[in-house]
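For reference, the structure is listed below as structure tokens.
Laboratory data are not the source of any read-out in this text; all were calculated from the coordinates shown. Predicted model, so just to flag it, every value in this text is computed and none were measured. With ideal geometry, Cβ positions are generated from the backbone for all residues, glycine too; neighbour counts draw on all protein chains shown.
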Amino acid sequence: MSSAVPAVSGTPAPGAAGDPTGRPGPGARRPRRSRRGRETTSGWLFLAPMLVILGLFLVVPVLMALWVSVSDWNGRGSPFAGDVSFVGVDNYRSLLLGGGLATQDFGTALRNNAYYVLLVVPAQTALALFLATLVNRKALRGRGIFRTAFYFPSVTSSVAITVLWLFLFSASGTVNAILARLSITGPNWFNEPRGVLHLLLAQVGVDTAPAALAQHGFLGIPLWEWAAGPSVAMTAFILLAIFTTSGTFMLLFLAALQAVSAEVEEAALVDGANARQRFFRVTLPMLKPTVFTVVTLGLIGTWQVFDQIYTGTQGGPAKTTLTPAYLSYTAAFQNNDWGRGAAIAFILFAIIVLMTVLQRVVLRERTTIPRRKRFHPEGPR
């Protein structure tokens with residue numbers, strides 16, 4: 001006869017999980033919340049050095065620049081000194097609504113940069129996609145050589161390549177020599193302030209501005225000048241930007257093309273799609289995230305163009321290559337008007353953010369089916 005006393009139902013054995021003494025049993029698990037809390041703490045500890053560095057060298061300077069943009073600091077001493085006054089939005093108002101030389105220069109810089117963006121971003125995106133498609137072909141021999149050659153201008157110093165561009169596009173340079181062989185008189189590229197569209201209109205007899213365009217304007221610039229197009233000098237810089245940036249974006253498109261599944265291409269081929277249909281209806285839609293990245297980087301880079309202008313023309317001729325980034329530099333470092341220079345920088349930042357949001361809306365994925373294309377049992381409606 002066994003003397004063992006059976007355990008009462010519902011009473012945990014000593015040392016088991018849920019022991020009334022509070023001691024966890026050998027098979028008990030630690031609370032998930034405490035483990036997750038320790039992981040979160042460890043993550044913040046690992047991130048702390050980078051957060052401190054970003055705070056010291058990014059966030060703090062941006063906040064200081066924001067204060068400078070709403071103050072009358074002249075660049076001497078500390079911007080937080082007692083003799084520095086808060087002027088509110090006066091620096092922004094003088095740029096956008098002042099109507100004086102500052103407003104005209106800012107309007108001219110925006111006009112020049114707007115044409116630069118409108119021409120560079122689509123051209124460099126299309127050329128980069130074309131080059132990536134070209135070097136992605138398996139039948140192409142020496143693909144590595146072509147990839148290196150197309151990418152080489154992107155890793156070359158912008159100052160060095162700008163100096164080379166000045167030599168090539170000078171009045172007696174190589175470009176004009178080639179045009180002369182084709183019986184074309186080349187322009188004096190970096191000394192021609194007239195806009196390309198005005199030059200084309202002059203060829204058909206339109207030399208003077210219509211009254212409606214001459215009497216109305218924006219940011220101190222008549223609408224006729226807004227419609228001038230990029231100057232001949234800015235056109236040379238546009239060609240320079242396309243030449244130097246297409247190689248970088250080519251690599252992004254090349255990586256995306258290599259990630260496209262071969263089965264998708266084969267399925268489209270079996271369905272009878274030709275090469276053009278496979279590219280525009282199969283491959284290109286799958287590259288939409290890469291297109292968004294390339295366009296975003298292109299917008300940011302083209303609105304921040306500075307080193308080519310500083311090395312090349314410094315805003316000339318007749319301020320037709322002036323850009324907001326270079327205007328911000330001259331206002332702050334040359335004219336000691338640091339408040340206006342910082343205000344230009346923040347307006348430029350707002351423009352870049354706005355353009356990025358707009359192109360994200362345009363390129364966003366549309367998962368809903370339009371109402372007119374929805375299927376109905378009774379037939380399409």
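Things worth noting here:
- Alpha-carbon centroid distance for the pair segment 287-342 / segment 243-268, whole angstrom: 30
- For segment 121-239, the spherically averaged projection of the C-alpha convex hull amounts to 11.0 nm².
- The mean sequence separation of alpha-carbon pairs under 8 Å and at least six residues apart, normalised by the residue count of segment 69-194, gives a relative contact order of 10 percent.
- Kirkwood-based shape ratio for the chain, expressed as Rg/Rh from alpha carbons: 1.17
- Its residues counted as N, segment 167-224 yields a C-alpha radius of gyration over 2.2 N^0.38 Å of 1.51.
- Per-residue HN-Hα couplings for segment 322-332 [Karplus 6.51, -1.76, 1.60; θ = phi - 60°; Hz; x = Gly/Pro]: 5, 10, x, 5, 6, 5, 4, 5, 5, 5, 7
- The mean sequence distance of close C-alpha pairs (under 8 Å, at least 6 residues apart), as a share of the length of the chain, puts its relative contact order at 22 percent.
- Positive-end extreme of charge dipole, the chain - chosen from Pro122, Pro153, Phe280 (charges on Cβ): Phe280
- Charge dipole (debye, nearest 20) of segment 180-268; +1 at Cβ of Lys and Arg, -1 at Cβ of Asp and Glu: 440
- Dipole in debye (nearest 20) - the chain, about Cα centre, beta carbon charges: Lys, Arg +1; Asp, Glu -1: 1780
- Extreme residue, positive dipole direction of segment 226-317, given options Val294, Gly316, Gln258 (C-beta unit charges): Gly316
- Computed over the alpha carbons of segment 230-327, Rg followed by Dmax gives 19.0, 59 Å.
- Kyte-Doolittle at least 1.0, axis length at least 30 Å by Cα - qualifying DSSP helices, the chain: 101-135, 232-259, 338-363
- Phe218 long-range amide H proximity, modeled H, under 5 Å: Leu223
- With the convex hull drawn around the C-alpha atoms of segment 62-141, the volume per residue stands at 167 Å³.
- Segment 242-357 - charge dipole about Cα centre, Lys and Arg +1 at Cβ, Asp and Glu -1, debye rounded to 20: 300
- Pairs of Cα atoms farther than 23 Å apart, segment 272-372, %: 49
- Counting Cα-Cα pairs of segment 45-200 in 10 Å increments starting at 0 gives whole-percent bin shares of 8, 16, 24, 25, 18, 8, 1, 0.
- Segment 294-335 pair-distance distribution - Cα-Cα, 10 Å bins, rounded %: 29, 50, 19, 2
- Where chymotrypsin sites (Phe, Trp or Tyr not before Pro) in DSSP loops with at most 11 other Cβ within 10 Å are excluded, longest remaining stretch of the chain: 81-374
- Spin-label pair Gln314/Ile184, simplified geometry with 7 Å Cα→Cβ offset, distance in nm: 3.2
- Taking amide H positions as modeled 1.01 Å from N, with prolines and chain starts lacking one, the residues under 5 Å from Ser71 and 5 or more places away or on another chain are Val87.
- Here's the picture: charge each Lys and Arg Cβ at +1 and each Asp and Glu Cβ at -1 in the chain, and of Ala236, Ala212, Gly144 the one pushed furthest to the positive end of that dipole is Gly144.
- Separation of segment 34-104 and segment 170-225, taken as the distance between their Cα centroids, equals 41 angstrom.
- Residue order, fewest to most beta carbons within 10 Å, for Val295, Val52: Val52, Val295
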